[in-house]
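The values are calculated or read from the model by the stated rules, or taken from the named source; none is laboratory data. All figures in this text were calculated on a predicted structure; none of them were measured in a lab. Positions of Cβ are generated from backbone atoms using ideal geometry, with glycine treated the same way; all protein chains shown enter the neighbour counts. Only protein heavy atoms, including side chains, enter the accessible area calculation; ligands, DNA and RNA are left aside. Shrake-Rupley method; radii C 1.70, N 1.55, O 1.52, S 1.80 Å.
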Amino acid sequence: MAEAIPLLPIGLSQADSDTPDPSRTAVRGARKKPPPHLADLDLAGRRAAVAALGQAGYRADQLSRHFFARLTDDPADMTDLPAQLRGELAAALLPPLLTAQRELDCDGGTTRKTLWRAFDGALVESVLMRYPERVTMCVSSQAGCGMACPFCATGQAGLTRNLSTAEIVAQVFAGARAMASGSVPGGAGRVSNVVFMGMGEPLANYASVLAAVRRITEPAPAGLGISQRSVTVSTVGLVPAIRRLAGEGLSVRLAVSLHAPDDELRDELVPVNRRWKVAEVLDAAWEYAAATGRRVSIEYAMIRDVNDHGWRADLLASLLAGRLAHVNLIPLNPTPGSRWTASDPAVAQDFQDRLADRGVPVTVRDTRGREIDGACGQLAATVRA
Ligand code: SF4
């Protein structure tokens, strides 16, 4: 899938001192959880929550229809509910989760990036990208990220906390509502694709991400009804979680952020590689492909003189030849003061040609949103500064 913002931004030359520990993705210290929300729960859970408020279970279905089908969380719109009940149910199950802190757009308004502030001040970003044939929401799964990739703005700031299921769904909901309202140039429409390529390592927040995938893909009133095949979950290569995902019976696409075909370089660019090596990550990816029948996306940020050598293209081709895989080359989004920058176009073309010549499907990813700090973490970094 050649879409989505460049996940990989920036980069300051921070030493990647520690191998990130995926098991340490829990919140640092004791913090309050986000308020519980309808979108955290499946339909049965919502009915139980409504029953706990002393109301009939079918009220949960009504509330769900308003939220997931009519895309409203405003009690005033819920005219099929008794007036005195609307406010009570909305207060209990539809609390505001994310407040738009800043919104930037480009591409004539068809690319829209939002910086959200959560209840505890945590900042996350999402991007809506409208193309002629699809509308993609790129969402964050964590506030910050603990994976410490040295070229990434989000990685430099570390992990703040995992997002709740409803906080993830809220980003898609906001995009769906913007599309339905006709406020995005091109007329009213719907979000067709969701990519987990914003801030965070999705598989390090496994339970919330998996529930969010279900909420996003289940038909209304259970969820937003977006096709599973149009959802992409990315990972830097948390092998046990990839295997677990393969067993979930889903047909979402897996994207593996590889960025280097050799362990020596990948240990540096993607520090979690010190725990799970390239061969192990790819083995898990092929297991995923076999279990789901879905082609795996191999994400490869093109970083000048770092990972763009011809021999690395040849090595990558040898690892992927004959596999159910597709390579997305991503021109790195350079930022002021960074020692990492995008590959020379001629070098990038040669890299692409070497893969294509060996029969590996390869595209260069669209880099929408560059002029609005499109890469993950850049807008949050700006605001924090
Ligand atoms: S996993 Fe993604 S968000 Fe996290 S540090 Fe690496 S590139 Fe950045």
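Loop-located trypsin sites (Lys or Arg not before Pro) across the range 137-232 with a Cβ neighbour count of 15 or fewer within 10 Å are Arg190, with loop assigned by DSSP.
Solvent-accessible surface of the chain, taken per residue with a 1.4 Å probe and all protein chains present: 37 Å².
With r defined as the distance between the Cβ atoms of Asp262 and Leu53 and R0 fixed at 51 Å, what FRET efficiency is calculated, to the nearest 0.05? Write out the running numbers ahead of the final one.
Values: r = 57 Å, r/R0 = 1.12.
For R0 = 51 Å, the calculated efficiency reads 0.35.
Between Leu97, Leu258, Leu250, the residue with the greatest mean-square fluctuation in the GNM of the chain (Cα pairs under 10 Å linked by springs) is Leu250. Here Tyr206 sits with roughly 20 square angstrom of accessible surface, probe radius 1.4 Å. Simple point charges give the picture: +1 on the Cβ of Lys and Arg, -1 on the Cβ of Asp and Glu, and for the range 78-127 a dipole about the Cα centre of about 80 debye. The Kirkwood hydrodynamic radius of the range 18-159, based on inverse pair distances between different Cα atoms, is 17.9 Å. Measuring with a 1.4 angstrom probe and ignoring ligands and nucleic acids, Asp120 comes out at about 60 Å² accessible.
Projecting the Cα atoms of Ser318, Gln352, Thr232 onto the charge dipole of the chain, computed from C-beta unit charges around the Cα centre, puts Thr232 farthest toward the positive end.
For the range 40-114, dividing the convex hull volume of the Cα atoms by the residue count gives 114 Å³ per residue. Estimated purely from DSSP H runs of n ≥ 4, each contributing -39500 (n - 2.57), the mean residue ellipticity at 222 nm for the chain is -9500 deg cm²/dmol once divided by its residues. Approximating the spin labels as points 7 Å out from Cα along Cα→Cβ, the Ala220-to-Arg177 distance works out to 1.4 nm. Of all DSSP bridge pairs formed entirely within the chain, close to 50 percent run antiparallel. For the range 200-274, the Kirkwood hydrodynamic radius comes to 13.4 Å, computed from all pairs of different C-alpha atoms. Simple spin-label estimate for Asp42 and Ala83 gives 3.8 nm between the two label positions (7 Å along the Cα-to-Cβ direction from each Cα). Got a sec? Charge dipole of the range 134-281, +1 on Cβ for Lys and Arg, -1 for Asp and Glu; which of Pro185, Pro261, Val195 is way out at the positive end? Among Pro185, Pro261, Val195, the one farthest towards the positive end of the dipole of the range 134-281 is Pro185. At an R0 of 56 angstrom, the distance between the Cβ atoms of Ala346 and Ala69 translates into a FRET efficiency of 0.65.
Other residues whose C-beta falls under 13 angstrom from the C-beta of Ala241 contribute a net charge of -1, scoring Lys and Arg +1 and Asp and Glu -1. The dipole here belongs to the range 104-178: it is taken about the Cα centre, uses +1 on the Cβ of Lys and Arg and -1 on the Cβ of Asp and Glu, and is about 80 debye. Gain on full extension, evaluated as 0.36 nm per residue between Lys33 and Ala76 minus their Cα-Cα distance, stands at 12.7 nm. Comparing Ala157, Trp116, Val135 along the charge dipole axis of the range 67-172, the residue lying farthest to the positive side is Ala157, per the Cβ-charge model. Counting every pair of alpha carbons in the range 88-196, the share spaced more than 24 Å apart comes to 28 percent. Between Thr99 and Asp357, the FRET efficiency from the beta-carbon distance, with R0 = 56 Å, is close to 0.65. Computed over the Cα atoms of the chain, the ratio of the radius of gyration to the Kirkwood radius (Rg/Rh) comes to 0.98.
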